[in-house]
Amino acid sequence: MKKNIKFAIGTVITVMLCLVPLLHTSHAAVELSASKKLKLNTQPLDIANSEDGRQLYILSKGEILVYSLAEDIITDKIQVDEAYDRISSLPNAGTLILNSSTSTKIEIIQLEFIKNINIADHPVKGPVNAPVTIAVFSDYQ
């Protein structure tokens, strides 16, 4: 009789311990809202983002559209082979990989962004239209 009571108490305790985690479950909800919607003139095939998160590279048939998130505009168009239908970006800034699902082509593109600097009303030395190269040393730690 004592064995049956001990067995019954042990069974009840085991069942209760199994039910305890179920009492503390909570449910979370995620709210979504579209922050921006783009209306493109061409159908996008694939999208990649820049490492710094400032640009989106939108691959469409025969071109890559460079979209600036800060300015909310397409800032540039890059002509590419129409066979490419996938795009991805590498961790180092400005490197894109294009490939095709229907052929064996892969292309690695290194982007170099050219910025115009307005020097009107600033003192200059030498010819005003002289070419200038700015070197960025970003690999120092």
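The values are calculated or read from the model by the stated rules, or taken from the named source; none is laboratory data. On a predicted model such as this, the values are computed, not experimentally measured, just so you know. Because the Cβ atoms are built from the backbone with ideal geometry, glycine has one as well, and the counts that use them run over all protein chains shown.
Is one or more of the residues making up the stretch 46-55 surrounded by 14 or more Cβ atoms within 10 Å (Cβ to Cβ) and modelled with pLDDT under 85?
Looking for residues that are surrounded by 14 or more Cβ atoms within 10 Å (Cβ to Cβ) and modelled with pLDDT under 85, one finds none in the stretch 46-55, hence no.
Could you give me the residue pairs with C-beta distances under 6 Å whose first residue belongs to the stretch 52-72 and is free of Cβ contacts under 8 Å to residues at least 24 places away in the same chain, whose second residue is among the polar types (S, T, N, Q) and not in a strand (DSSP E or B) wherever it lies, and which are 6+ apart or on separate chains?
60/42
For residues in the stretch 75-102 being free of Cβ contacts under 8 Å to residues at least 24 places away in the same chain and among the β-branched types (Val, Ile, Thr), which is nearest to residue 38 (Cα to Cα)?
75
In the stretch 1-45, which residue that is within 22 Å of the chain's Cα centre (by Cα) and either of a type in the set (Ser, Thr, Tyr) or surrounded by 10 or more Cβ atoms within 10 Å (Cβ to Cβ) (or both) is modelled with the lowest pLDDT?
35
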